[in-house]
1. Quick one: Gln47 ticks every box in (1) among the polar types (S, T, N, Q); (2) loosely packed, with under 15 Cβ neighbours inside 10 Å; (3) in contact (Cβ under 8 Å) with a residue 24 or more places away in the chain; (4) more than 21 Å from Val118 (Cα to Cα) except a single one, so which number is it?
2. Consider segment 116-161. How many of its residues are among the polar types (S, T, N, Q), surrounded by 12 or more Cβ atoms within 10 Å (Cβ to Cβ) and out of contact with any Phe, Trp or Tyr (no Cβ under 7 Å at 6 or more places or on another chain)?
3. Of the conditions (1) within 22 Å of Ser5 (Cα to Cα); (2) under 15 Å from the mean Cα position of the chain (by Cα); (3) part of a loop (DSSP other than H, G, I, E, B), Tyr65 satisfies every one except a single condition; which number is it?
4. For Lys7, are the conditions met, namely being without any contact (Cβ under 8 Å) to a residue 60 or more places away in the chain, surrounded by fewer than 19 Cβ atoms within 10 Å (Cβ to Cβ) and either in a helix (DSSP H, G or I) or acidic (Asp, Glu) (or both)?
5. I'd like the full set of residues that are surrounded by 20 or more Cβ atoms within 10 Å (Cβ to Cβ) and either without any contact (Cβ under 8 Å) to a residue 40 or more places away in the chain or not hydrophobic (A, V, I, L, M, F, W, C) (or both), limited to segment 71-85.
6. Hey, any hits in segment 132-142 for a residue that's under 23 Å from Asn81 (Cα atoms), touching a residue at least 12 places away in the same chain (Cβ under 8 Å) and small (Gly, Ala, Ser)?
7. Could you list, in sequence order, all residues of segment 20-34 that are part of a loop (DSSP other than H, G, I, E, B) and within 16 Å of the chain's Cα centre (by Cα)?
8. What are the residues in segment 152-175 that are in a loop (DSSP other than H, G, I, E, B) and not hydrophobic (A, V, I, L, M, F, W, C), if any?
Amino acid sequence: MIYYSDKELTIRSLTQEDADIIAAEEVAQGWIHASPKKYLQRLKDQQDGKAVALAAEYCGQAAGYINVYFQARQGAFAGQNIPEIVDFGVLEKYRRRGIGTKLMDIAEQIAGEYADTVCLGVGLHTGYGSAQRLYIKRGYLPDGSGVWYRDVICKPYSNCCNDDDLILYLSKKLR
């Protein structure tokens, strides 16, 4: 399914071919743990009616991805009937072209069909810096529960690691 298209950019349903291409591109940009496995899981979740998995295609090349789950599955918003944006990224060589903004526009539009609020979790290390800035510019606010580590609230002065499991949850009113 195509959600958006202009002369350079198309936002469409993710495909199995995208999974292989995006994972290979992520490895090429230094993400040594990248694998098609997580994208294939997103496709399965979409097939099971739990999510919408999207890909961005820039000038005919897979350039990014985003997923909207109809219910937040973990973290600060689990069990609250709030859609969650999960696993959003734009390959480095395609950044600064409006691709991430358009992916977020479409994801928020889809989430808005299910609720008036959307949520997401963002990592806290520098690799997430551009996403952190984008979310704040788009009006996302922290939920107030503090930092989460490995799916539990990180209590003050407890030990954690600044890895991909250290997350701050944010939400945005859509209407």
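Nothing in this text is a laboratory measurement; each read-out follows from the coordinates by a stated rule. No experiment lies behind these values; they were computed from the predicted model shown. Cβ sites come from the backbone with ideal geometry, for glycine too, and all protein chains shown count toward neighbours.
1. (3)
2. Within segment 116-161, residues that are among the polar types (S, T, N, Q), surrounded by 12 or more Cβ atoms within 10 Å (Cβ to Cβ) and out of contact with any Phe, Trp or Tyr (no Cβ under 7 Å at 6 or more places or on another chain) number 3.
3. It fails just one condition, (3).
4. No: the conditions fail for Lys7.
5. Pro83, Glu84, Ile85 - these are the residues of segment 71-85 that are surrounded by 20 or more Cβ atoms within 10 Å (Cβ to Cβ) and either without any contact (Cβ under 8 Å) to a residue 40 or more places away in the chain or not hydrophobic (A, V, I, L, M, F, W, C) (or both).
6. yes
7. If the condition is that a residue be part of a loop (DSSP other than H, G, I, E, B) and within 16 Å of the chain's Cα centre (by Cα), then Ala34 is the only one that fits.
8. Answer for segment 152-175, where residues must be in a loop (DSSP other than H, G, I, E, B) and not hydrophobic (A, V, I, L, M, F, W, C): Lys155, Pro156, Tyr157, Ser158, Asn159, Asn162, Asp163, Asp164, Asp165, Arg175.
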